[in-house]
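First up is the structure itself, then whatever we jot down about it.
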Amino acid sequence: MIPDDKVLKGKVAVVTGAGRGIGKAIAIAYAKAGANTVCAARTAAEIRETVTEISKMDGRALALETDVTCIESVNNMFARAVEHFGGIDILVINAGANYDRETVENSNPDNWKRTLDVNLFGAYYCAHSAIPFLKQRGAGKIITIGSGLGHRGYAGGSAYSCSKAGLWMLTRILAQELMEYKISVNELIPGPVQTSIDDNAKTGISKGNVSYFV
């Protein structure tokens with residue numbers, strides 16, 4: 001996704017959900033491109049592993065244990081990132097979850113809410129907290145990691161699809177609001193990727209056949 005030619009040398013990139021899967025790959029890619037990378041996630045051991053891999057490439061990275069569903073935790077993460085690296089140029093909103101894989105009738109309201117807390121409110125908290133720092137740099141970039149399921153939905157996936165649909169609209173609104181500040185905002189929808197979030201998904205595809213699609 002990002003060429004290994006240090007085109008981002010001196011930039012600071014914050015990646016949420018950087019302990020595993022897509023987020024980890026994005027964090028490493030930014031580091032390869034020369035960015036100082038802030039790796040944020042709830043599981044400290046996982047983001048420390050990501051930072052270790054980046055350090056082995058002579059990259060600069062900071063692991064910050066963060067709960068994106070808590071605005072205080074998010075605010076603290078950005079404050080520490082700015083204190084450590086001097087500012088923020090790029091925010092990748094990647095942290096995601098899917099706690100409810102039932103029909104609306106059979107869904108658990110608490111799990112439905114937990115999914116939106118991570119995927120939608122977590123994205124809002126990160127953008128809300130990061131924008132002042134991005135403005136201070138005179139330009140910036142926000143990338144949200146969306147899903148095709150937020151555009152078309154699927155039966156038995158109302159919580160995840162609705163959260164990603166909300167993220168898509170949040171992305172569009174942020175792009176309009178931040179254009180005048182030279183902060184671009186885009187949604188990235190990856191193709192099929194086998195990650196931990198899909199381990200128990202009711203896709204109708206056996207694990208033996210997953211590799212055919214990814």
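Data table
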item: Pairs of Cα atoms farther than 15 Å apart, segment 74-159, %; result: 64 percent
item: Given charges at Cβ of Lys, Arg, Asp, Glu: the chain dipole, positive-most of ALA41, GLY122, GLY87; result: GLY87
item: Order of LEU120, LEU188, LEU8 - criterion: other Cβ atoms within 10 Å of each residue's Cβ, fewest first; result: LEU188, LEU120, LEU8
item: Rounded tilt (10° steps) of 44-56 against the dominant C-alpha axis of the chain; result: 50 degrees
item: Candidate values (i) 1.08; (ii) 0.97; (iii) 0.93, label of the one derived for Rg/Rh (Cα atoms, Kirkwood Rh); result: (ii)
item: Relative exposure of GLU46, GLU180, GLU53, judged by other C-beta atoms within 10 Å (fewest first); result: GLU180, GLU53, GLU46
item: For q = 0.11, 0.18, 0.26, 0.28 Å⁻¹, Debye-computed log10 I/I(0) when each Cα of segment 1-73 counts as one equal scatterer; result: -0.23, -0.58, -1.09, -1.22
item: Interchain or long-range residues, amide H under 5 Å from ALA95's placed H; result: THR16, GLY17
item: Per-residue Cβ neighbour rank within 10 angstrom, fewest leading, VAL14, VAL185; result: VAL185, VAL14
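We did not get these values from a lab; they are worked out from the coordinates using the rules stated. Only a predicted model underlies this, so the values are computations on that prediction, with no experimental measurement involved. All Cβ positions, glycine included, derive from the backbone under ideal geometry; neighbour counts span all protein chains shown.
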